Amino acid sequence: MHASRTSWSNIEIDLAENSSISQHMSGIIDAIFLGFYCVGMFLMGWIGDQVNLRYFLFTGLLLTAIFYGVVGFMGANGYSNMFVYSIFFALNGVSQSIVTVNLKISILISLFDI
């Protein structure tokens, strides 16, 4: 999970040098990802309290893998449309927020007898 968030920052500079995505565009993509991640943390925590946590975490992990795989496939094939990258990073931010907030809740629940 953490590897998918840090690998973008590792390839971001190389992507700016080798494609039509500038550092300004990658900064906008970062802001979109973090904005959706932030809002998703609040919404997905509430939704995680209402549904089966095991299935919800599985869905979040699966969606994160799919969205990040699509971004990696686009980068490997030289596709550099900022709008499409922004959409997939927004979806990736929401799917990662599903996992992050609910995984922390499940760990805390297992530590304390609630």
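The values are calculated or read from the model by the stated rules, or taken from the named source; none is laboratory data. All values reported here derive from a predicted model rather than from experimental measurement. Quick reminder, even Gly has a Cβ in these numbers, built from the backbone with ideal geometry, and neighbours come from all protein chains shown.
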| said: Give me the residue from region 1-58 that is surrounded by fewer than 16 Cβ atoms within 10 Å (Cβ to Cβ) and of a type in the set (Ser, Thr, Tyr) and, out of that set, modelled with the highest pLDDT. | reply: 55
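Please specify each residue of region 91-113 satisfying the condition of being touching a Gly at 6+ places or on another chain (Cβ under 8 Å) and closer than 28 Å to residue 23 by Cβ. Let's see the steps before the verdict.
From region 91-113, those touching a Gly at 6+ places or on another chain (Cβ under 8 Å) are 93-99, 101-102, 105; that's our starting set.
Within region 91-113, 93, 94, 95, 96, 97 qualify.
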| request: Being exposed (fewer than 15 other Cβ atoms within 10 Å of the Cβ) and not in a helix (DSSP H, G or I) is the filter here, so list the residues in region 80-114 that pass it. | output: 81, 112, 113, 114
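Do you know which residues across region 31-56 are outside any helix (DSSP H, G or I) and not polar (S, T, N, Q)?
Once the filter is applied, which keeps residues that are outside any helix (DSSP H, G or I) and not polar (S, T, N, Q), region 31-56 yields only 51.
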| note | Scanning region 66-76 for residues that are surrounded by fewer than 14 Cβ atoms within 10 Å (Cβ to Cβ) and among the small types (Gly, Ala, Ser), the one farthest from the chain's Cα centre (by Cα) turns out to be 76
